[in-house]
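A short write-up of the structure that comes next.
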Number of protein chains: 2
Amino acid sequence: MDEKIRSGCPVSLGLDIFGDRWTLLIIRDLMFSGKRHYREMLGSEEHISTNILADRLKMLLDEGIVVKTEDPSHKQKAIYSLTEKGIDLLPILMQISSWSYKYRPVDEAYVDNAAPYEQGGDWDDLMTELRKVHLRPGDAPTVSNGPSNT
Amino acid sequence: MDEKIRSGCPVSLGLDIFGDRWTLLIIRDLMFSGKRHYREMLGSEEHISTNILADRLKMLLDEGIVVKTEDPSHKQKAIYSLTEKGIDLLPILMQISSWSYKYRPVDEAYVDNAAPYEQGGDWDDLMTELRKVHLRPGDAPTVSNGPSNT
DNA sequence: AGCAAGTGCTTGTATTTTGCAACTGGTTGC
DNA sequence: GCAACCAGTTGCAAAATACAAGCACTTGCT
């Protein structure tokens, strides 16, 4: 089930998916904070509501940006991972960060991390790293989420 | 008059401003479609509502991302221009486009334009061009809207 | 064996934002 | 002097969001 498409413009088509206050923060958690579980993302400092998080994760699964697997250590635990499509969102997050470092009051706690994310940075290394962590080959999703199930 | 800040994270700080369905489309209109007037933006194919457009333009003026000047040709006409801060959003739009070209059903009408926007493209030339068109030196905003920040 | 804490959510409700359509006060061209 | 155009504003319904509980389990501890 595709979300509503407003036009064939590439900017618009991107925003149709992640043009909201929360979606890219979930991606950020997966990419940079090493958060892989629902409760961890709930605990991020922006305090996303549990129903919104559930809704967005469902959408990201539907879109093939994220996959869900079982955690062997706990039958109720789910591990969320980025797909290649999700990892490819990194340059967008990087450019947003870059702009914010220039124009917004970024917290000092983040400034240390700023260097590697600077313009012309080595995103490729970072993406390679993300692929290693998220894209374990042969690791098909074990928690099926039939597109558009209830 | 700062909008609500959820955290000091650079991604979050960016989304606090343009993390919605419409704001970046307005920037796109100013950047790529040569639209400089209210009515022109209203006419874009995504059909933004007039109250939303008015609201977002007000916010963008407050944030110093856009400035408003009088159109000498018509006393009621206003010209909207990007500031440097606004022009610096170009890399974000480019990365969004790039991702959409790869993963979304971009309309054929846009595919011709795709080439110059490809990865590693020469955004600098485009930004130089935008500065020429939007940043006319000594052209201070003639319609004051009391920006409350830098 | 029993219980508290933890798991990914769902449900219900109040508040906020959005979408839609009509309308406003003024300007301009003919 | 009048229709078309200008940048918006206003009012209302619908949708999205935030907040707080609750649910059906599983796990670790005793």
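The values are calculated or read from the model by the stated rules, or taken from the named source; none is laboratory data. In this text, all values refer to a predicted model and were calculated from it rather than measured experimentally. Glycine gets a Cβ as well: all are built from the backbone with ideal geometry, and neighbour counts include every protein chain shown. What goes into the accessible areas is simple: the full protein's heavy atoms, side chains included, and nothing from ligands, DNA or RNA. Shrake-Rupley method; radii C 1.70, N 1.55, O 1.52, S 1.80 Å.
Rolling a 1.4 Å probe across all protein chains gives B:W123 an accessible area of roughly 40 Å². Under conditions of 4 °C and 1.567 mPa s, the protein assembly as shown yields 63 µm² s⁻¹ as its translational diffusion coefficient, taking Rh as the Kirkwood radius over Cα pairs in the Stokes-Einstein equation. Entry note, the protein assembly as shown: the mean residue ellipticity at 222 nm calculated from DSSP H runs of n ≥ 4, each adding -39500 (n - 2.57), is -14500 deg cm²/dmol after division by the residues and rounding to the nearest 500. Taking max minus min of the alpha-carbon positions on each principal axis, the range B:10-134 gives extents of 43, 30, 28 Å, largest first.
B:I52 to A:L135: FRET efficiency via 1/(1 + (r/R0)^6), r the Cβ-Cβ distance, R0 45 Å, to the nearest 0.05? Computed FRET efficiency for B:I52 and A:L135: 0.70.
Placing pseudo-labels 7 Å out from each Cα toward the beta carbon at A:S73 and A:K85 gives an inter-label distance of 2.9 nm. Rounded to a whole number of µm²/s, how large is the Stokes-Einstein D of the range B:3-75 at 10 °C and 1.306 mPa s, given Rh as the Kirkwood radius over C-alpha pairs? For the chosen part, D equals 119 µm²/s.
Summarising the label geometry, the points placed 7 Å from Cα in the beta-carbon direction at A:K4 and B:D125 lie 3.9 nm from one another.
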